[in-house]
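Colleague: Would you mind keeping the following structure in view while I ask a few things?
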Amino acid sequence: MRVVSLLPAATEMVDVLGALASLVGVTHECDHPAAARSCPRMTGTAIDMTADAATVDAQVRRVAAAGMPLFTLDAAALRTARPDVILTQALCDVCAVSEEDVRHVAAGCDPIPRLVTLNATTLDGVLSDLARVGDALGRPEAAARWRETAVARMHRVHETLKAARAPRPRVAAIEWGDPLYAAGHWTPELVRRAGGIDVLATPGAHSVPVTLDTIQQANPELILIAPCGYDLPRAVAEAQRLRAHPDWAWARDRRWAALDANALLSRPGPRLIDGLEAIAHAVAPTLLPSPPTDHLVLLS
């Protein structure tokens, strides 16, 4: 079977299903696992994600206003790959190539591939998407085993917090720093399962812009900085920038944490469980194990 993954999260699903050798194409963002980096790249972007938050936001708005796609699909490369299955998404045009563009190109492939569209907005939806990928790749048993492991890991967090009768701190999860966005989709559920109370967003709903006044009025005890697409060093730098700003003076005595959102939160894939465990440590650092050092930093 020949598989093209047009979503980093889908590439990670293929990996945990033990089907990485079937990949014949990935996106320009697919960096995990390391072996995926050698696969042919099928996409590109006009956005410079190395820029600061305000500049990235301005780029996105400028490209969208011009009616141009944020991500481009290499139609010739996709057809040359001759995939049997294409893994794509219908959740966010700011995150990956649009499903409409994929369908248009796929219709011209020979043979015409099967499209598997991922569209989860909740953690349960992500687990269901992984099962669908498992079915499409002929690996339903592997998907079921992975789900069992994921559920067991979540259960361990729950039981640890329950046994300690741990309090649930109020958490403000920030997905973007300029302008400010509250992290939506699966993040509020991750925060809840990690022992916190998300005070800004609704589970399953899109990420939304928020004002600093709204964040202050929500009275968070823990401020989690997890900018979409940022690795841990950039998340730490963003947290430090925000906390040092005079407008955030009210929050300097609160607990702050920075998370590698690019790996653990932005992608609706297997590593959301790692993200949940990292958030759980931020919520209850004396009860839950420390995550790997490249996952989370608790700011002093």
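Colleague: If you build the Cα gyration tensor of region 238-282 and take the root of 5 times each eigenvalue, what three semi-axes come out, in whole angstrom, biggest first? Please report the intermediate quantities before stating the final value.
Modeller: Working: eigenvalues 135, 27, 7 Å².
Taking √(5λ) for each Cα gyration eigenvalue gives 26, 12, 6 Å.
Colleague: So if I place +1 on the C-beta of Lys and Arg and -1 on the C-beta of Asp and Glu, and nothing else carries charge, what would the dipole magnitude of the chain be about its Cα centre? I want it in debye, nearest 20.
Modeller: Details: 29 positive and 34 negative charges, 121 e Å.
Value, rounded to 20: 580 debye.
Colleague: Write down the Å³ per residue value for the convex hull defined by the alpha carbon atoms of region 3-119.
Modeller: On the way: hull volume 12.0 nm³, N = 117.
Cα-based convex hull of region 3-119, divided per residue, equals 103 Å³.
Colleague: Per the Kirkwood treatment, what hydrodynamic radius in Å, one decimal, follows for the chain from the mean inverse distance over all distinct Cα pairs? Write down the numbers at each step before the final one.
Modeller: Details: mean 1/r = 0.0504 Å⁻¹.
About 19.8 Å, per the Kirkwood formula over Cα pairs.
Colleague: Report the per residue volume, in Å³, of the convex hull enclosing the C-alpha atoms of region 180-221.
Modeller: Values: hull volume 2.3 nm³, N = 42.
Value for region 180-221: 56 Å³ per residue.
Colleague: Between LEU212 and SER290, 0.36 nm times their residue separation minus their Cα-Cα distance comes to what? Write down the numbers at each step before the final one.
Modeller: On the way: separation 78, 0.36 × 78 = 28.08 nm, distance 2.99 nm.
Residue separation times 0.36 nm, minus the Cα-Cα distance, leaves 25.1 nm.
Colleague: Among THR149, THR88, which comes first, second and so on when ranked by fewest other beta-carbon atoms within 10 Å? Could you put the intermediate results ahead of the total?
Modeller: Values: THR149 13, THR88 24.
Neighbour counts put them in this order, fewest first: THR149, THR88.
Colleague: How much mean residue ellipticity at 222 nm does the chain get from its helices, if each DSSP H run of length 4 or more adds -39500 (n - 2.57) and you divide by all residues, to the nearest 500 deg cm²/dmol?
Modeller: Details: 11 runs with 119 residues, N = 300.
The helix contribution divided over the chain gives -12000 deg cm²/dmol.
Colleague: Shape verdict for region 167-299, please, from the Cα gyration tensor: rounded (a/c under 1.5), prolate (a/b greater than b/c) or oblate.
Modeller: On the way: a/c = 1.28, a/b = 1.22, b/c = 1.05.
Verdict is rounded for region 167-299.
Colleague: Run the numbers for ARG41 and LEU298: contour at 0.36 nm per residue of separation, minus the present Cα-Cα distance, in nm. If you can, show how the numbers build up before the last one.
Modeller: Values: separation 257, 0.36 × 257 = 92.52 nm, distance 3.54 nm.
My answer for the length gained is 89.0 nm.
Colleague: I need the trypsin sites (Lys or Arg not before Pro) found in region 149-221, filtered to DSSP loop residues with at most 15 other beta carbons within 10 Å of theirs. Intermediate values should be presented prior to the final figure.
Modeller: Details: sites: ARG153, ARG156, LYS162, ARG165, ARG170, ARG192, ARG193; in loops: ARG165.
Hits after loop and neighbour filter: ARG165.
Colleague: Say a paramagnetic label sat at a point 7 Å from the Cα of ALA131, along Cα to Cβ; which residues of region 249-275 have their backbone N under 17 Å from it?
Modeller: 269-270
We did not get these values from a lab; they are worked out from the coordinates using the rules stated. Quick caveat, the model's predicted, so the values are computed rather than measured. Heads up, the Cβs are rebuilt from the backbone with ideal geometry, glycines too, and the neighbour counts pull from every protein chain shown.
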